[in-house]
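Worksheet: the structure to be examined is printed underneath.
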Amino acid sequence: MGWKGTLRSVAAASRRAQREGERRQKLAAKLQQLEDAKNDVDNYETYIREITSLHKRVCVKPIDWSGLKKQSKPIPPVRTSENEEKARLKLESFRPNLFHRLFGLEKKRRENLEKNIQTGRQMDQDNLLADQKDFEKALAKYEKDLDHAKKLEVGDAKTMASIIKNYGKFSDIEHIGTNLSFRFEDGGKVFVDLNVHGDEIVPDEKYSLRQSGALSERKMPKGEFNLLYQDYVCSAMIRVAREVLNLIPVTGVVVNATDQLLNPATGHLEKQNIASVYFVGATLTKLNLQSIDPSDAMTNFLHKMSFKKTTGFQPVEEVIVPH
């Protein structure tokens with residue numbers, strides 16, 4: 001092969017390498033595009049699950065007020081001489097050996113053992129003071145818990161409000177709505193107004209994967225949009241009810257979901273109830289919260305909710321608690 005043939009061969013090989021490189025780049029870009037599409041769909045589906053499964057977890061564990069009422073009163077500490085006696089025993093059992101006598105260390109050794117008795121006595125006193133402080137804290141907590149338990153037993157409104165304020169972690173769950181407010185009545189009646197997020201919490205677009213693996217992005221159908229918003233609202237209401245019922249021993253709690261709705265009489269958006277539910281604790285604990293549909297679960301409770309798949313929520317009155 002002459003030099004021209006060699007040159008043509010080199011040029012052809014270079015073009016093949018270039019085409020192969022471009023093919024690999026396109027393939028890598030296509031794979032990245034498919035991976036991005038999958039991540040977008042996964043993130044979308046995760047978000048939908050998050051806003052419709054708020055009821056599945058709680059911030060506070062149930063407080064056993066009945067058990068706290070029956071707990072034993074703390075016993076005051078008693079001073080012991082454990083450390084002093086140990087040091088005294090070492091002194092009494094000390095027997096100088098040849099080493100001590102040869103180097104005149106017996107006296108020094110006895111003096112150190114006697115000092116250890118004083119140190120032990122001080123340690124015993126310090127331990128008593130520390131135990132006394134722990135006892136005083138335990139006694140204060142015992143008396144406070146006992147007082148709360150007795151007042152909660154008769155449905156004292158001030159005590160219920162205090163427990164919610166001091167034991168609740170509602171600041172940790174503000175993401176379920178924009179605001180929470182509480183009302184308490186003697187006799188164990190509790191009302192919560194949950195200002196839910198507006199329907200903007202539900203995405204306008206719906207993401208899915210095509211058969212090819214590419215991203216499909218289309219407008220969320222109105223009916224599906226409204227159903228998702230209903231599930232969010234009901235899930236948030238169940239979550240709030242669970243938190244309250246974990247904190248105070250009441251039969252049930254009324255949760256009102258409030259949002260800005262158009263008042264046709266004034267033409268203005270006004271804060272109104274879009275759902276009101278009386279959650280009974282005994283019923284709520286029987287539900288399989290990991291499997292329920294939050295909207296369908298409302299049928300287990302006395303509730304008021306005017307909802308249509310085509311139009312969404314309409315204003316409702318607060319549910320009346322049965323006597």
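The values are calculated or read from the model by the stated rules, or taken from the named source; none is laboratory data. No experiment lies behind these values; they were computed from the predicted model shown. Neighbour counts run over all protein chains shown; Cβ positions are idealised from the backbone, glycine included. Side chains are part of the model used for accessible areas, which takes the heavy atoms of the whole protein and leaves out ligands, DNA and RNA. Shrake-Rupley method; radii C 1.70, N 1.55, O 1.52, S 1.80 Å.
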Tabulated pairs, region 56-74, first closer than 30 Å to residue 236 by Cβ and among the charged types (D, E, K, R), second open to solvent by less than 90 Å² (accessible area, probe 1.4 Å) and assigned to a helix (DSSP H, G or I), C-beta under 8 angstrom, 6+ apart or interchain: 57/239; 61/246
Being surrounded by fewer than 20 Cβ atoms within 10 Å (Cβ to Cβ), in contact (Cβ under 8 Å) with a residue 12 or more places away in the chain and more than 13 Å from residue 271 (Cα to Cα) is the filter here, so list the residues in region 181-198 that pass it. 181, 182, 185, 186, 187, 189, 191
Being of a type in the set (A, V, I, L, M) and assigned to a helix (DSSP H, G or I) is the filter; apply it to region 166-193 and report the residue that is farthest from residue 246 (Cα to Cα). 176
Could you check, for region 268-282, whether at least one of its residues is within 24 Å of the chain's Cα centre (by Cα), of a type in the set (Gly, Ala, Ser) and open to solvent by 40 Å² or more (accessible area, probe 1.4 Å)? yes
Are there any pairs, at least 6 apart or on different chains, whose C-beta atoms fall under 6 Å, with the first in region 288-316 and aliphatic (A, V, I, L, M) and the second in a helix (DSSP H, G or I), and if so, which? 289/55; 289/56; 298/234
Quick check on region 139-155: of everything there that is in a helix (DSSP H, G or I) and open to solvent by 40 Å² or more (accessible area, probe 1.4 Å), which residue is farthest from residue 185 (Cα to Cα)? 140
Pairs under 6 Å by beta carbon, first residue over 12 Å from residue 71 (Cβ atoms) in region 141-160, partner aromatic (Phe, Trp, Tyr) and surrounded by 13 or more Cβ atoms within 10 Å (Cβ to Cβ), six or more apart or different chains? 152/65; 157/184; 160/184
From 246, 226, grab the single residue that is open to solvent by less than 30 Å² (accessible area, probe 1.4 Å), within 22 Å of residue 45 (Cα to Cα) and not small (Gly, Ala, Ser). 226
Which residue, of 210, 239, is within 24 Å of residue 48 (Cα to Cα), within 24 Å of the chain's Cα centre (by Cα) and basic (Lys, Arg)? 239
Quick one: in region 85-119, which of the residues that are at pLDDT 75 or above and open to solvent by less than 60 Å² (accessible area, probe 1.4 Å) is nearest to residue 244 (Cα to Cα)? 117
Of all residues being within 18 Å of the chain's Cα centre (by Cα) and hydroxyl-bearing (Ser, Thr, Tyr) in region 226-236, which is farthest from residue 53 (Cα to Cα)? Just the residue, please. 232
